[in-house]
Amino acid sequence: MISDIFPRVNRFKIAIGLTLIPMMLGGWGSVWGQEKSLKPGINKSFQNPDVDAFIRRFEIESREVYHNRDAIVNAMDLSPGMDAADIGAGTGFFSLLMAEKTGPEGTIFAVDIAQKFLDHIDRSSSQAGLKNIKTVLGKERSVNLPHESIDLAYICDTYHHFEYPFSMLESIHNALRPGGRLVIVDFERVKGISETWVLGHVRVGKGTVTDEVKDSGFELVKEDPFMEEQYFLVFRKR
């Protein structure tokens with residue numbers, strides 16, 4: 001939350017003044033550029049990933065998001081001609097499904113910090129005959145997309161991998177067109193209920209994620225509880 005970054009300043013005053021900060025400091029980046037990593041080393045395994053190993057790990061029916069992949073894509077309400085981003089695309093199976101929904105008139109930006117994943121997505125989309133997928137090498141603080149270039153941003157099992165969540169959210173906010181939507185799917189994190197590995201690996205639960213996203217210029221418009229271990233949230237750019 002904003003108060004986590006500026007602990008000595010009243011959070012309410014910061015929220016009121018957020019619209020003035022970009023004008024005074026030349027953009028949000030001047031503020032979030034001071035953000036410290038909230039979980040150093042969380043993305044070490046993605047620096048040089050074994051793509052085949054991750055395919056076996058990610059694309060398996062026992063994984064809740066893969067089992068529910070069609071339901072998730074349908075819940076995004078994608079339509080032909082839309083431009084969307086799959087942020088933290090990994091092996092790209094969601095990118096391909098999203099590309100089928102938006103059709104050749106739209107563009108799906110598959111964003112990841114690992115070039116090996118992007119190379120795999122390029123091959124997969126070519127084999128599938130999908131020409132509307134563009135791979136983008138993201139950065140630790142930015143999705144690296146042009147200003148107001150997308151209608152929807154999708155983040156699946158990736159938000160908890162953001163070392164610099166406010167910087168990333170600012171870059172997503174910048175990439176979304178007015179009224180654009182942000183969809184987040186991640187793990188429920190509830191002490192006494194969630195598995196031990198979730199409690200140790202996932203930084204925060206749904207409530208804190210919602211607060212952080214709201215603090216970054218979004219409003220929550222929908223929650224669709226069709227999964228048991230994971231949540232599906234839809235935000236709209238303010």
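Looking at the range 157-168, is at least one residue over 21 Å from VAL202 (Cα atoms) and either touching a residue at least 12 places away in the same chain (Cβ under 8 Å) or outside any helix (DSSP H, G or I) (or both)? No, the range 157-168 contains no residue that is over 21 Å from VAL202 (Cα atoms) and either touching a residue at least 12 places away in the same chain (Cβ under 8 Å) or outside any helix (DSSP H, G or I) (or both).
Please find, among VAL213, VAL185, the residue that is within 30 Å of GLU61 (Cα to Cα), in contact with a Phe, Trp or Tyr (Cβ under 8 Å, 6 or more places away or on another chain) and assigned to a helix (DSSP H, G or I). Answer to the check: VAL213. Does ASP122 meet the test of being within 24 Å of ILE72 (Cα to Cα), touching a strand residue (DSSP E or B) at 6+ places or on another chain (Cβ under 8 Å) and free of Cβ contacts under 8 Å to residues at least 24 places away in the same chain? The answer is yes for ASP122.
Quick check: is even one residue across the range 27-49 modelled with pLDDT of 95 or more and not aromatic (Phe, Trp, Tyr)?
Narrowing the range 27-49 to residues modelled with pLDDT of 95 or more: 49.
Those left that are additionally not aromatic (Phe, Trp, Tyr): 49.
Within the range 27-49, one or more residues are modelled with pLDDT of 95 or more and not aromatic (Phe, Trp, Tyr).
Checking each residue in the range 98-119 for being in a helix (DSSP H, G or I) and either without any contact (Cβ under 8 Å) to a residue 24 or more places away in the chain or surrounded by fewer than 19 Cβ atoms within 10 Å (Cβ to Cβ) (or both) picks out GLU100, LYS101, GLN115, LYS116, ASP119.
Give the residues of the range 172-228 that are in contact with a Leu (Cβ under 8 Å, 6 or more places away or on another chain), touching a residue at least 60 places away in the same chain (Cβ under 8 Å) and over 29 Å from SER79 (Cβ atoms), sorted by residue number. Across the range 172-228, the qualifying residue is only ARG203. Every condition in (1) touching a residue at least 24 places away in the same chain (Cβ under 8 Å); (2) within 15 Å of GLY92 (Cβ to Cβ); (3) out of contact with any Ser or Thr (no Cβ under 7 Å at 6 or more places or on another chain) holds for ARG56 except the one numbered (1).
Does the range 163-171 include one or more residues that are more than 20 Å from GLN34 (Cβ to Cβ) and buried (at least 16 other Cβ atoms within 10 Å of the Cβ)?
To start, the set of residues in the range 163-171 that are more than 20 Å from GLN34 (Cβ to Cβ) comprises none.
No; the residues of the range 163-171 include none that is more than 20 Å from GLN34 (Cβ to Cβ) and buried (at least 16 other Cβ atoms within 10 Å of the Cβ).
Each residue in the range 125-147 was checked for being β-branched (Val, Ile, Thr), in contact with a Phe, Trp or Tyr (Cβ under 6 Å, 6 or more places away or on another chain) and farther than 21 Å from SER45 by Cβ, and 0 pass.
The values are calculated or read from the model by the stated rules, or taken from the named source; none is laboratory data. Predicted, not measured: the structure shown is a model, and the values here were computed from it. With ideal geometry, Cβ positions are generated from the backbone for all residues, glycine too; neighbour counts draw on all protein chains shown.
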